[in-house]
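K.L.:
One structure, pasted below without further comment.
The values are calculated or read from the model by the stated rules, or taken from the named source; none is laboratory data. The structure presented is a predicted model; accordingly, all values stated were derived computationally and were not measured. FYI the Cβ positions are ideal-geometry reconstructions off the backbone, even for glycines, and counts take in every protein chain you see. Quick note on the areas: whole protein, heavy atoms, side chains included, nothing else; ligands and nucleic acids left out. Shrake-Rupley method; radii C 1.70, N 1.55, O 1.52, S 1.80 Å.
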Amino acid sequence: MRNSVSDHSFYVESDEEDDHQEKHLDKSEENGDGNESDSSNYSNDDDDNHNDRLESKPSSYNSAWPQSYRQSMDIYSSVPSPSLTFLGTPSLSHLGSSFLASSLTRRHTPEVLPSLHKPLISQAEEDQPPQRRSSHTLLPPLPSRRSAIKKFPDEKSVAHELPVSRQSSYGQGVLNGINVLCGVGILSTPYAVKEGGWAGLSILFIFGMLSYYTGILLRYCLDSQPGLETYPDIGQAAFGTVGRIIISIILYVELYSCCVEYIILEGDNLSVLFPNAHLNLGGYQLDARHLFALVTALAVLPTVWLRDLTILSYISAGGVIASVMIVICLYWLGLVDHVGTQSKETVLNLSSLPVAIGLYGYCYSGHAVFPNIYTSLEKRSQFPAVLFSSFAIVTVLYAGAAVMGYMMFGDSAESQFTLNLPTDLVASKIAFWTTIVNPFTKYALTMAPVAMSLEELIPSNHTKSHMYSILIRTALVMSTLFVGLTIPFFGFVMALIGSFFTMLVTLILPCACFLRILKGKTSPIQVVTCILIIIIGSISAVIGSYSALSKIIHSL
């Protein structure tokens, strides 16, 4: 008995109407409406219908690993309606829409592990003609928009088997963009100013402008060919299957590294609040930091086992509020409570400037999710404005925290400014507990794409066993605990992630893919700009990674 419901129970297509629609589209294409985008019309803000036609064409970017990327990034970036299930069948009905993205919730993309039900590419799917395949390989094949579709209810159907739709408004897109961009990096911006000096703060604004531009390049790549929906799709279009796999691995390692940062963060902050906590295990003494890192791993483990992460994504939507609240608390402590030290300040610190480069780079590590935000917009012509608003707001938050934090603590600023705060003030307690609670919801959402990609590799004869998924996810959590305890340097690890992975994902790869996919359709200015960004990203990656690794090794 197959766990997946037959595709034919959901959609019945009318061949006569389908032929009529295809003839109509062919006629439109003859009149020039079906031409592919080029560099002269990418920025046409009135061409949303063109994007619809691109979506309606069959996709060839769905058979290679990772097939789960689109769904996993939807979980990570958007806020679907919550339902509670562990690694099994959904058991609770949807509870309502999110305050952050009420219409986006109708996309219904909770975490579904198709590898638990069927092989990556089943025989039935291989036998199907290409036009019946969807770019959402993990969902039942979505019927073409050129078809007349009649939906029949099926008592076995569940919410995640509904087709994905574009219903995100401008405001929802901006909030999702802010939620993706504004994370724990805000805690380290005063430390970044300490490492680079006041003059080094200009790097934050430079990276913000370059990251915005490369985000727009991803949109051009998505519009260049039918069927492109995710970052790995872009990599495959540019460099083939090898490019898709390499880009996917880079993206997943970056997400895994962020989970390591969450473990380090929890251990550091909780040990400041409870410095005398300890545990004696068989003669081995665990101090406060090791103990709370272990407790954090055990606490997030059940959330990682969750089959449907929509409850956590509903809660994590408050990440925007949490970031704003932390900055407000910092300003309150500095301006009202007059917290701070008389430590000296530095204008420019060349010796540790490479570390600052990595820390500032980490602040803009959201490009892995931008394609999902773009394809979810109801009006895709609004994407540049959505992206600009998101970057502007996030940059103001980062710069505000950096300036106030460094003015308060100067060269004594810690890798997380919460570690500099007194623990007896109300604003400090709010900042501490906001910082501590937020990663508990984001850990599982960040780890989910990594887990889903590994579960795709489970042999088809073991796909029905949930035990394999539980073992994979448990191993991932325990491995982040081990790495976090082995390399407990929050700032240096963040600098390494920002220098190497973020420079690749945010600056280098978007430009390389753009030049490769749109070869011959780009203007000389675009070519020169992309080459310049690649050079900047490469230099930053080399010197930043070397400096961060050197400091980690020296500290060990």
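K.L.:
Against the condition hydrophobic (A, V, I, L, M, F, W, C) and either under 23 Å from the mean Cα position of the chain (by Cα) or closer than 24 Å to Ile249 by Cβ (or both), how does Leu504 come out, does it pass?
P.N.:
yes
K.L.:
I would also like to ask the following. Just wondering, is there one or more residues in region 363-374 that are of a type in the set (Gly, Ala, Ser), open to solvent by 10 Å² or more (accessible area, probe 1.4 Å), touching a residue at least 60 places away in the same chain (Cβ under 8 Å) and farther than 30 Å from Ser479 by Cα?
P.N.:
No; the residues of region 363-374 include none that is of a type in the set (Gly, Ala, Ser), open to solvent by 10 Å² or more (accessible area, probe 1.4 Å), touching a residue at least 60 places away in the same chain (Cβ under 8 Å) and farther than 30 Å from Ser479 by Cα.
K.L.:
Considering each of Pro354, Pro302 in turn, give the residue that is at pLDDT 90 or above and either open to solvent by 30 Å² or more (accessible area, probe 1.4 Å) or not in a helix (DSSP H, G or I) (or both).
P.N.:
After ruling out the rest, the residue left standing is Pro302.
K.L.:
Is it true that some residue in region 171-178 is part of a helix (DSSP H, G or I), farther than 25 Å from Tyr443 by Cα and not basic (Lys, Arg)?
P.N.:
Scanning region 171-178 turns up at least one residue that is part of a helix (DSSP H, G or I), farther than 25 Å from Tyr443 by Cα and not basic (Lys, Arg).
K.L.:
Filter region 263-292 down to the residues that are more than 14 Å from Ile487 (Cβ to Cβ) and assigned to a helix (DSSP H, G or I) and list them by number.
P.N.:
Glu266, Asn269, Leu270, Ser271, Val272, Leu273, Ala288, Leu291, Phe292, listed by residue number.
K.L.:
Suppose the filter is surrounded by 17 or more Cβ atoms within 10 Å (Cβ to Cβ) and in contact (Cβ under 8 Å) with a residue 60 or more places away in the chain; does Leu273 pass it?
P.N.:
no
K.L.:
Do you know which residues across region 412-438 are over 16 Å from Ala401 (Cβ atoms) and open to solvent by less than 10 Å² (accessible area, probe 1.4 Å)?
P.N.:
Ile436
K.L.:
Looking at region 455-475, can you tell me whether even one residue there is part of a helix (DSSP H, G or I), among the acidic types (Asp, Glu) and in contact (Cβ under 8 Å) with a residue 24 or more places away in the chain?
P.N.:
yes
K.L.:
Hey, another quick one. Yes or no: region 362-369 includes at least one residue that is of a type in the set (S, T, N, Q) and either more than 18 Å from the chain's Cα centre (by Cα) or on the phi > 0 side of the Ramachandran plot (or both).
P.N.:
No, region 362-369 has no match at all.
K.L.:
Can you tell me which residue among Leu222, Leu265 is under 24 Å from the mean Cα position of the chain (by Cα), buried (at least 18 other Cβ atoms within 10 Å of the Cβ) and more than 22 Å from Met73 (Cβ to Cβ)?
P.N.:
Answer to the check: Leu265.
Yes/no matrix, rows are residues, columns are (1) open to solvent by 10 Å² or more (accessible area, probe 1.4 Å); (2) touching a residue at least 40 places away in the same chain (Cβ under 8 Å); (3) farther than 22 Å from Pro232 by Cα; (4) assigned to a helix (DSSP H, G or I):
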residue	(1), (2), (3), (4)
Ala512	yes, yes, no, yes
Arg516	yes, yes, no, yes
Gln526	yes, yes, yes, yes
Ala548	no, yes, yes, yes
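K.L.:
Let me ask something else. Any residue at all in region 313-324 that's crowded, with 19+ Cβ neighbours inside 10 Å and at pLDDT 85 or above?
P.N.:
Within region 313-324 (the criterion being crowded, with 19+ Cβ neighbours inside 10 Å and at pLDDT 85 or above), the answer is yes, since at least one residue qualifies.
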